[in-house]
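The values are calculated or read from the model by the stated rules, or taken from the named source; none is laboratory data. Keep in mind that what you see is a predicted model, and the values were worked out from it rather than measured. Here the Cβ positions follow ideal geometry from the backbone for every residue, glycine too, while neighbour counts run over all protein chains shown. To get the accessible areas, we keep the full protein, side chains included, count just its heavy atoms, and leave off ligands, DNA and RNA. Shrake-Rupley method; radii C 1.70, N 1.55, O 1.52, S 1.80 Å.
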Amino acid sequence: MWILRGLARTLWPLLPLLLLPLLPLLLAAAGVDVKARSCGEVRQAYHAKGFNLLNVPHQEISGEHLHVCPQGYTCCTSDMEDKLHQQSKLEFEKLVEESSHDMRATFVSRHKKFDEFFLELLDNSERSLSSMFTRTFGKLYMKNSEVFQDLFTELKRYYTGGNVNLEEMLNDFWSRLLERMFQLLNSQYHFTDDYLECVSKYSDQLKPFGDVPRKLKAQVTRALIAARTFVQGLMVGREVANRVARVNVAPACVRALTRMLYCPYCRSMPGLKPCQNYCQNVMRGCLANQADLDPEWNVFIDAMLLVAERLEGPFSIEAVIEPIDVKISEAIMSMQDNSGLLSAKVFQRCGPPKALGAGRSARGISDVFSARFRPFPPEERPTTATGTFLDRLVVDIKEKLKVSKRFWSNLPDEVCAEGKLTESDEDQCWNSHAKARYFPEVVKEGLTNQVNNPEVNLDITRPDTLIRQQIMALRVMTNKLRNAYNGNDIYFQDSSDEGSSSGSGSGCSDGCTTEATIPGSEAPVIGADRSDERTAVAGKTFSHRPSSLLMATAVVATLSATQPRWR
């Protein structure tokens with residue numbers, strides 16, 4: 001007896017739903033005249049969606065033909081249900097795209113801003129050095145300018161994704177500069193290539209440029225690693241967000257969406273909105289795979305925030321790259337001031353050099369370095385096209401990144417926001433069968449929790465492949481960001497190498513420009529579309545270069561204090 005009572009309690013709430021399709025037949029058998037309701041509102045709403053009203057009933061018809069919506073008296077034909085089924089899918093895709101638009105736009109716009117800022121910073125620094133050295137030394141600098149041009153070419157190539165070992169490249173720059181300077185300071189002698197190689201061999205012991213090369217190498221390496229990796233992180237965040245927002249809508253999800261969004265049409269209530277908890281169950285089922293991305297997404301955002309700290313303060317890329325011309329001039333002055341002692345030590349180790357022939361005039365040191373090295377006055381410093389400084393960009397992006405945490409697990413709630421899609425009155429909303437309260441509890445987010453979802457029947461043993469690929473992409477990028485925060489570069493795959501990479505490395509070949517390449521063994525490559533952005537190829541002319549230059553006032557105080565000169 002107690003078993004029957006329990007069964008009765010279980011079935012009693014469902015009895016109206018079970019009898020609903022039979023109600024017209026029962027009433028007819030009892031001799032009751034049933035008058036079908038008008039479908040006028042449904043026709044109007046259906047037409048507003050852009051559908052043809054041909055074959056749309058004017059009054060309710062029997063609904064045995066329906067596969068998704070309740071089969072009582074209805075205003076829907078099979079063709080209407082099919083069209084509303086497709087409409088549900090399209091509207092869901094639009095809802096997700098709109099709800100994620102601001103977050104995705106943040107990654108797009110901030111990636112572009114930071115990329116332009118860093119590239120312009122390198123351009124400006126090179127231009128500043130060239131301008132000052134040209135005004136000071138004229139043809140003498142111009143004859144040796146390729147040493148400095150090559151330095152900036154390699155810095156840009158590293159930043160834009162080239163396979164460059166920063167430490168080796170900077171060592172090579174100082175070696176070349178030493179050879180040129182040593183010849184200029186001892187222009188009365190002739191030096192063979194072997195002799196100059198001997199000079200470079202003892203550079204670590206002689207320290208001709210003082211401590212500048214060591215300090216500058218540490219600062220430039222750390223700053224560029226952070227800048228390049230941060231921009232690549234913005235790229236990966238942009239691509240992952242764009243891909244995940246283009247949801248793969250499962251058939252079970254489309255059926256649930258149709259029941260939620262358009263079955264009220266079939267019941268002659270086109271204006272009735274779904275109950276909020278009902279909507280959340282549907283959306284948590286449809287966005288279950290996206291929610292599984294959230295833990296890795298949050299870890300990625302935390303890593304981005306850490307590296308953002310490296311873009312601030314006295315060792316940021318702006319603080320390091322802007323005054324690089326001053327640092328190089330300090331190194332040159334150090335060599336000038338100790339040129340006599342340096343030359344004597346070199347002659348002792350490498351042997352006496354061969355003097356120039358009597359028929360050739362030798363210029364003295366004072367003739368070579370007669371000009372004074374003069375800084376820019378403040379009013380002559382170049383200005384920035386972006387109109388902002390790095391610290392302000394960083395403050396802005398940090399706030400935006402913090403807001404984007406837990407985005408994917410909160411997305412169902414965002415879509416089902418009260419008043420946006422759902423009805424706030426819990427008793428006057430669509431509960432999947434009628435205008436009434438929705439009683440089931442809201443399930444937790446994530447694929448495994450959907451086993452208890454009463455609205456979306458998902459196969460929890462088959463995760464979405466694309467989502468799993470994006471999880472791996474985030475994991476790889478997070479590892480790069482953590483290394484960058486600690487000042488360590490990691491090996492990137494250069495597409496010009498057949499499976500080999502070396503040194504500081506890069507994301508791809510020269511023309512790839514700050515694109516993060518994710519090794520195929522770890523995660524799928526994210527092919528970023530930068531057709532609307534600046535493509536900077538190191539060593540070549542930049543396309544659509546900004547019309548003006550970055551403000552570089554930070555070097556003025558240093559320059560005015562030193563008044564450097566080449567004797």
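Details
- Peptide packing for 441-452, 473-484 was compared via the average number of neighbouring C-beta atoms within 10 Å per residue; ordered from the highest value, the list is 473-484, 441-452.
- Largest to smallest principal axis extent of the C-alpha atoms in segment 102-195, angstrom: 67, 30, 12
- Mean-position separation - Cα centroids, segment 215-284 and segment 109-132, in angstrom: 33 Å
- If the chain linking ASN248 and ASN52 were pulled fully straight, counting 0.36 nm for each residue of separation and taking away their Cα-Cα distance, it would gain 67.8 nm.
- Summing charges over neighbours of ASP391, with a neighbour being any other residue whose Cβ is under 14 Å away from its Cβ, gives -2 when K and R count +1 and D and E count -1.
- Radius 13 Å from Cβ of PHE439, net charge of other residues (Lys, Arg +1; Asp, Glu -1): -3
- Residue pairs, from the table LYS402/LYS444; LYS49/LYS273; LYS400/LYS444; LYS113/LYS156; LYS89/LYS273; LYS113/LYS405, whose Cα atoms sit over 19 Å apart: LYS402/LYS444; LYS400/LYS444; LYS113/LYS405
- Prolate/oblate/rounded label for segment 413-455 (Cα gyration tensor, a/c 1.5): oblate
- Other residues lying with their Cβ under 14 Å from the Cβ of ALA45 contribute a combined charge of +3, Lys and Arg counting +1, Asp and Glu -1.
- Residue ranking by accessible heavy-atom surface, 1.4 Å probe, largest first, among ARG157, ARG349 comes out as ARG349, ARG157.
- Averaged over residues, the count of other Cβ atoms within 10 Å places the peptides 99-111, 291-303 in the sequence 291-303, 99-111, highest first.
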